[in-house]
Amino acid sequence: MLEIDGSFGEGGGQVVRTAVALSALTGTPVRIRKIRAGRPKPGLAAQHCTAVRAVALACGAALEGCSAGSDTLVFEPGEIRHTAIALDIGTAGSIPLVLQAWLPVALVHGGSVTLTGGTEVEKSPTIDYFMQVFLPLLRAHGAEVRVEVRARGYYPAGGGEVHVTAGPSVLAPIDPARFPKEQGILSCTQNLPDHVADRQASAASAVLPDFPVTIDRRTGRSTGTSVTAWAGAKGASALGRLGLPAERVGRAAAEGLLAACAAPGAVDEHLADQLLVYLALSGGRYTAPTASSHALTACSLLSTFGYEIAVSGTSPAVFSA
């Protein structure tokens, strides 16, 4: 059984999500100790437990210690299989982060997952970043993935629901020549007056005047707003909050994208982290503004499972396998 120190490197939930995905993909049992040991609330949170269960169900894994607050997890994978899964995070925990763990495993034989929780939460990619930046790049390399956002979920009430279907897929080596060129702005609100989404969109459009704009207004369990802007393999998002003018939300997302586009590299810093498992599995190369602590942690973990990622340069950083 492979022993993993859950506090090494970046030391967050990324270690758990990546480790269980790689365990399933390689058939290697793992024991992860000291999970999130340096964080204000150490141990597994509901979001991490849901990610582990999603991967476990996709490969028939046996689990020990998969409960909130646990600092040790044992994951013993079985064979990856086509499954239909439904899981409720139980909080506004990030649905996109759960999908990060589940998707590379699901692409082996296909499957589906319905997740309830948060679609747009702090310190996580929005579901729209997942759909407009991350997934188009994977699809361009051969991934068959469909996403339906049935409900949006914001902190603290959550209640978002996302259904994802993956088909068996063999990805081509990652190649910047395949990267999509689409761009856009998406302004989302839930349980708020119509003008809020309009003001967000107008502010973002003033910064990015040539970008097509889409507005998504909904009602649901939770109340909130978000704006996501993207251009090819780079994106940025901003979340609204009580007392924050809608114009500032739209402008923050647009200016964040401008900053990402001005930075060196073919992908933004966050996408660079999210692509590493696929780079390890399929080969290829890409460049990013820098090798972040998240990326270096993932590279170290991949090496533990026998996948070597070469990292060279500083600005941009070059990732290759």
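The values are calculated or read from the model by the stated rules, or taken from the named source; none is laboratory data. From a predicted model like this one, the values you see are computed outputs, not experimental measurements. Positions of Cβ are backbone-derived with ideal geometry, glycine not excepted, and every protein chain shown enters the neighbour counts. Please note that ligands, DNA and RNA were not included when accessible areas were found on the heavy atoms of the full protein model with its side chains. Shrake-Rupley method; radii C 1.70, N 1.55, O 1.52, S 1.80 Å.
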At q = 0.09 Å⁻¹, the log10 of I(q)/I(0) for the chain from a Debye sum over equal Cα scatterers comes to -0.43
Nearest-0.05 FRET efficiency for Asp88 and Ser202 at R0 = 56 Å, using Cβ-Cβ distance, is 0.95
Expected field for Ser300, accessible surface area in Å² at 1.4 Å probe radius, rounded to 10, holds 50
Reported to the nearest 10 Å², Val207 has, with a 1.4 Å probe, an accessible area equal to 40
Ignoring GluC sites (Glu not before Pro) buried by more than 16 other Cβ within 10 Å or outside DSSP loops, the longest site-free run in the chain is 183-307
With every protein chain in place, the accessible area of Ile85 for a 1.4 Å probe, in Å² rounded to the nearest 10, comes to 10
From highest to lowest solvent-accessible area (probe 1.4 Å; ligands, DNA and RNA excluded), Leu73, Leu25 read Leu25, Leu73
With every protein chain kept in place and a 1.4 Å probe, the residues Tyr307, Tyr286 fall, from largest accessible area down, as Tyr307, Tyr286
Across Ala61, Ala259, Ala295, the residue with the highest GNM fluctuation in the chain (Cα network, 10 Å cutoff) is Ala259
When the chain is treated as a Gaussian network with springs between alpha carbons less than 10 Å apart, the largest mean-square fluctuation among Ala140, Ala54, Ala204 is found at Ala140
For Glu144, other-chain or 5+-apart residues with amide H closer than 5 Å (H placed, Pro excluded) are Gly167
Checking Thr189, Thr26, Thr228 against a Gaussian network model of the chain (alpha-carbon springs below 10 Å), the top fluctuating residue turns out to be Thr26
Taking the alpha-carbon centre of each part, the distance from region 129-196 to region 1-36 in Å is 26
Residue-normalised value, i.e. accessible area per residue, for region 175-321 at 1.4 Å probe, in Å², stands at 43
Treating only Lys and Arg (+1) and Asp and Glu (-1) as charged, each at its beta carbon, one finds that region 194-238 has a dipole about its Cα centre, in Debye to the nearest 20, of 200
The alpha-carbon center of region 245-266 and that of region 55-89 are separated, in whole Å, by 37
Order by accessible surface, 1.4 Å probe, largest leading, for residues Met131, Met1 comes to Met1, Met131
In Å², rounded to a whole number, the accessible area per residue of region 1-158 with probe 1.4 Å is 37
Taking the chain and counting helices only, DSSP H stretches of n ≥ 4 at -39,500 (n - 2.57) each over all residues, the nearest-500 ellipticity at 222 nm comes to -10000 deg cm²/dmol
FRET efficiency (Val147, Arg33; Cβ distance; R0 35 Å; to 0.05) is 0.55
Carbon/sulfur accessible area of region 155-225, % of total, 1.4 Å probe, equals 54
The summed charge of the Val162 Cβ neighbourhood (under 10 Å; Lys/Arg +1, Asp/Glu -1) stands at 0
Surrounding charge for His109, neighbours by C-beta under 13 angstrom, Lys/Arg +1, Asp/Glu -1, total -1
In nm, the gap between the two label points placed 7 Å beyond Cα toward Cβ at Leu244 and Thr214 is 2.2
Contact order relative to length for region 109-193, counting C-alpha pairs under 8 Å separated by 6 or more residues, stands in percent at 37
